[in-house]
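Novice: First, the structure itself, so that you have it in front of you.
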Amino acid sequence: MYAFNYHRPASVAEAVKILKASSDGRCLAGGMSLIPTMKHRLSSSSDLIDLNGIKELSYIRREGDQLVIGALARHVEIADSAEVKKSIPALAALAGGVGDPQVRNRGTFCGSLCFADPAADCPAGLVGLNGTVITDKRRIAADQFFEGLYETALEKGEIVTGVSFPIPEKAGWAKFANLASRYAIVAVMVAKTGGTARVAVTGAKASVFRVAEMEAALAKNFSAAALDGIKVSSAGMNGDLHGDPDYRANLVSVMAKRAVQAS
Ligand SMILES: Cc1cc2nc3c(=O)[nH]c(=O)nc-3n(C[C@H](O)[C@H](O)[C@H](O)COP(=O)(O)OP(=O)(O)OC[C@H]3O[C@@H](n4cnc5c(N)ncnc54)[C@H](O)[C@@H]3O)c2cc1C
């Protein structure tokens, strides 16, 4: 690990000030992704701004027709939250299937969004549920947040303070996990709101993506049968020892149906 300066601010305003004053600072949330990359010298930072002392970021609450989750809410808190289970049970299911108990006890939903790992679950949750990322200076719609492999729309010095989700009529989550890491080989979030449907896939490409043909079919008839015969092209899909592109393309169809059945 390379040397760095450590800060533990008590407010978002203080964190933003330190981050902006640093030459190459980064926020630390659960540390589940950041610390391993630093330990292996795959990343270095001039300053680590530890968000864990900022109490205002630890919350899960309903605000009108939105479920709002603070940047320090851990996966386990989301999985166990009575409010999340009532408002969007699929989101509780997603959080409950992230990694292992150690990862869920420290890792945060928002940290996962910021990291933008192509196999992470949370990006599919954000996009499938049409969420909004809230930062210290603006709101970013799910469809504008991810820009590619480990790339997001966040600007230098911008801190995510939370994420909000409109409450869908129905939503379902299905994940085909790598049994060793628990990361998704393919996972799908589906949601129905009024006459619209969303289908977001993670694990299959460099970044989370939506499947327009499935969304159109589910908007007319939100049932697994509506997805019969819809094939997804394997072009651009990931291939590795866990599954080649054709295998992943087939899994998208299978997991999308399972997600609808789970809703
Ligand atoms: C063994 C293992 C298994 C895992 N399995 C899964 C899995 O099955 N599914 C899955 O989705 N994930 C999995 N993860 C990742 C886990 O979900 C992490 O919680 C997540 O990737 C990062 O969240 P974190 O809070 O630990 O963020 P950190 O590691 O602290 O930060 C990650 C990145 O986001 C930035 N960041 C964090 N918070 C903010 C913020 N508020 N504002 C701006 N930038 C911020 C940091 O600067 C850093 O660049 C796994 C991790 C491990 C170690």
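Read-outs: derived from the displayed coordinates by stated rules, not from any lab. Keep in mind it's a predicted model, so treat the numbers as computed, not measured. Glycine gets a Cβ as well: all are built from the backbone with ideal geometry, and neighbour counts include every protein chain shown.
Novice: How far apart, in nm, are the 7 Å Cα→Cβ label points at Ser58 and Ser46?
Specialist: Taking the two extended label points, one gets 3.1 nm.
Novice: Show me the trypsin sites (Lys or Arg not before Pro) within the range 165-239 that DSSP assigns to loop and that have at most 14 other Cβ atoms within 10 Å of their Cβ.
Specialist: Lys231
Novice: Treating cross-link reach as a plain straight distance, find the aspartates and glutamates whose alpha-carbon is under 13 Å from the alpha-carbon of Lys86, omitting any fewer than eight places away in the same chain.
Specialist: Asp65, Glu169
Novice: In whole percent, what relative contact order does the chain give with Cα contacts below 8 Å and a gap of six or more residues?
Specialist: Numbers: 597 pairs, mean separation 40.1, N = 263.
So the answer I get is 15 percent.
Novice: Determine the shape class of the range 1-54: with a ≥ b ≥ c the square roots of the Cα gyration tensor eigenvalues, call it rounded for a/c under 1.5, and otherwise prolate if a/b is greater than b/c, oblate otherwise.
Specialist: Details: a/c = 2.69, a/b = 1.53, b/c = 1.77.
Oblate, because a/c is 1.5 or more while a/b does not exceed b/c.
Novice: Please state the shape class of the range 104-263: rounded when a/c is under 1.5, otherwise prolate if a/b exceeds b/c and oblate if not, all from the C-alpha gyration tensor.
Specialist: oblate
Novice: At most 10 other Cβ atoms within 10 Å and a DSSP loop assignment: could you name the chymotrypsin sites (Phe, Trp or Tyr not before Pro) in the range 1-93 that fit?
Specialist: Taking the range 1-93 and a limit of 10 other Cβ atoms within 10 Å, the loop chymotrypsin sites (Phe, Trp or Tyr not before Pro) found are Tyr2.
Novice: A further question on this structure: Given DSSP loops and a limit of at most 16 other Cβ atoms within 10 Å, what is the longest stretch of the chain that contains no such GluC sites (Glu not before Pro)?
Specialist: The segment 1-154 is the longest one with no such site.
Novice: Would you calculate the separation in nanometres between label points at Glu155 and Ala82, each defined as 7 Å from the Cα along the Cα-to-beta-carbon direction?
Specialist: So the label points at Glu155 and Ala82 sit 4.2 nm apart.
Novice: Continuing with the same structure: Using Cα pairs under 8 angstrom and six or more residues apart, how large is the relative contact order of the range 1-49, in percent? All intermediate terms of the calculation are to be shown ahead of the outcome.
Specialist: Details: 57 pairs, mean separation 29.4, N = 49.
Relative contact order of the range 1-49: 60 percent.
Novice: In the chain, which helices (entire DSSP H runs) extend 20 Å or more along their own long axis, judged by Cα positions, while averaging at least -0.5 on the Kyte-Doolittle scale? Please report the intermediate quantities before stating the final value.
Specialist: Numbers: long enough: 245-262 (25 Å, -0.09).
Those that pass (Cα extent of 20 Å or more, hydropathy at least -0.5) are 245-262.
Novice: Continuing with the same structure: My understanding is that a pair violates if its Cα-Cα distance is over 20 Å; which of Lys17/Lys55; Lys39/Lys205; Lys85/Lys205 do that in this structure?
Specialist: As for pairs spanning more than 20 Å Cα to Cα, those are Lys39/Lys205; Lys85/Lys205.
Novice: Now a separate question. Search the structure for amide H atoms under 5 Å from the amide H of Phe209, placed 1.01 Å from N in the peptide plane, and list their residues when 5 or more places away or on another chain.
Specialist: Val201
Novice: By a straight-distance test (C-alpha under 12 Å), which aspartates and glutamates pair with Lys175 as possible cross-link partners, with residues fewer than eight away in the same chain excluded?
Specialist: Partners found: Asp121.
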